[in-house]
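I have placed the structure first, in the form of C-alpha cells, so that the comments after it can refer back to it.
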Amino acid sequence: DAGVIQSPRHEVTEMGQEVTLRCKPISGHNSLFWYRQTMMRGLELLIYFNNNVPIDDSGMPEDRFSAKMPNASFSTLKIQPSEPRDSAVYFCASTLEGPLQYFGPGTRLTVL
Amino acid sequence: AQSVAQPEDQVNVAEGNPLTVKCTYSVSGNPYLFWYVQYPNRGLQFLLKYITGDNLVKGSYGFEAEFNKSQTSFHLKKPSALVSDSALYFCAVRDEGGATNKLIFGTGTLLAVQP
C-alpha cells in the first residue's frame with residue numbers, strides 16, 4: 001500500500017516567493033496533520049484536519065502560512081511570502097481512527 | 001496539561017550492548033503512549049504503542065518498551081544494539097483534549113551506536 005505521499009521532496013526558493021507543499025494522505029484516512037521540523041524548535045504541529053475540516057491551527061506561525069484540504073485525498077500548505085526562517089523539513093501525517101499517525105517522507109524547504 | 005519528556009538529547013551505546021531511551025509522561029487520564037523512529041532524511045516511523053494490557057510492549061526491529069504507571073515512564077529498550085539503530089527517537093502521548101487524534105511529541109533523543 002502507498003503511504004503518505006508528499007511533493008516536492010526538496011524545494012529551494014528565494015525570499016519573497018510563494019511556496020506550495022502538497023500531501024496525499026493514505027487512502028481512507030480521515031485526519032491529516034502538518035508538522036514542521038527544525039534543529040532549533042524540534043517537531044512542531046502546524047495544523048490538523050479532521051474530515052477535511054481544520055480543527056486546530058494554533059501552531060500556524062503567522063498569516064503567511066495557510067493550509068487547505070479540498071478533499072479527502074489532498075492537502076496543501078502554502079507560504080506566501082516565504083522567508084529564510086521558514087527553512088525546515090515539513091511533514092504531513094495521516095490517521096484513520098485513533099492517534100496512530102503515519103508520516104510522509106517530508107519536504108525539505110530552503111529559502112534563500 | 002499532558003506532556004512528555006525525553007531527558008536525554010543523546011544516548012551513546014556500543015554495538016551489542018543493551019540500550020535504553022528514556023521517556024516520562026504526564027497525563028490526567030489513561031495514557032496512550034507511542035515511540036517513533038526517524039532515520040536520516042526520512043519521515044517518522046511508528047515503532048510501538050501502549051494503550052492497555054501488558055506493561056511490556058514489543059515493537060518493530062526488536063525494540064520493546066516498558067510502561068511503568070508508578071514512575072510515569074515508558075522507556076524504550078533493546079537487548080542488543082545495532083549500528084543501524086542509530087537514529088532519532090521520539091516518544092509521544094495522545095492529546096487528552098477534544099482532538100483525540102493529536103499527539104504530543106517529546107523533543108527527541110539521538111541514539112548513536114558505535115561499532
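The values are calculated or read from the model by the stated rules, or taken from the named source; none is laboratory data. Here the structure is a predicted model, which means the values were calculated and not measured. Cβ coordinates were reconstructed from backbone atoms using ideal geometry, including for glycine residues, and neighbour counts include every protein chain displayed. These accessible areas exclude ligands, DNA and RNA; they are computed on the full protein's heavy atoms, side chains included. Shrake-Rupley method; radii C 1.70, N 1.55, O 1.52, S 1.80 Å.
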Whole-Hz ³J(HN,Hα) for each residue in region B:56-68, computed from phi via Karplus 6.51 cos²θ - 1.76 cosθ + 1.60 with θ = phi - 60°, x for glycine and proline: what do you get?
9, 10, 9, x, 6, 6, x, 7, 9, 9, 10, 7, 10
With θ set to phi - 60°, apply the Karplus curve 6.51 cos²θ - 1.76 cosθ + 1.60 along region B:22-33 and write out the HN-Hα couplings as whole Hz, x wherever there is a Gly or Pro.
8, 8, 10, 9, 9, 9, 9, x, 7, x, 10, 10
extent check for chain B: Cα max minus min per principal axis, descending, whole Å, gives 45, 30, 22
Accessible surface of the protein assembly as shown [probe 1.4 Å, protein heavy atoms]: carbon and sulfur percent:
50 percent
Cα extents of region B:1-58 along the three principal axes, largest first, in whole Å?
37, 25, 21
Using only atoms on other chains, find how many Cβ atoms lie within 10 Å of each Cβ of peptide A:86-99 and report the average.
3
Can you run the Rg to Rh ratio on region A:23-112? Use alpha carbon positions and the Kirkwood inverse-distance Rh.
0.95
Principal axis lengths of region B:39-86 from Cα atoms, whole Å, largest first?
35, 23, 16
Give me the Debye-computed log₁₀ of I(q)/I(0) at q = 0.10 Å⁻¹ for the protein assembly as shown, equal point scatterers on Cα only, no solvent, two decimals.
-0.46
Going by amide H atoms built from the backbone, whose H comes under 5 Å of the H on A:I5, apart from near neighbours?
A:K24
When you look at the Cβ of every residue in A:29-35, what mean number of other chain Cβ atoms sits within 10 Å?
2
Once accessible area is computed for A alone, B alone and the pair with a 1.4 Å probe, the total buried surface, to the nearest 100 Å², works out to 1500 Å²
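If you average the sequence gap of Cα pairs under 8 Å that are 6 or more apart and divide by the length of region B:16-115, what percent do you get for the contact order?
Once normalised by length, the contact order is 31 percent.
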My understanding is that a pair violates if its Cα-Cα distance is over 23 Å; which of A:K24/B:K58; B:K49/B:K78; A:K24/A:K68 do that in this structure?
A:K24/B:K58
Non-local amide H neighbours of A:L46 (under 5 Å, H modeled in plane, Pro and chain starts lacking H): which ones?
A:W34, A:Y35, A:R36
How large is the accessible surface per residue of the protein assembly as shown, computed with a 1.4 Å probe and reported in Å² as a whole number?
48 Å²
Note, region B:73-87: 3J(HN,Hα) by Karplus (6.51, -1.76, 1.60, θ = phi - 60°), whole Hz, Gly/Pro = x, goes 10, 8, 6, 8, 9, 8, x, 9, 6, 10, 4, 5, 7, 4, 5
Return the loop-located GluC sites (Glu not before Pro) in region A:8-49 (DSSP other than H, G, I, E, B) with at most 14 other Cβ atoms within 10 Å of their own Cβ; answer none if there are none.
A:E14, A:E18
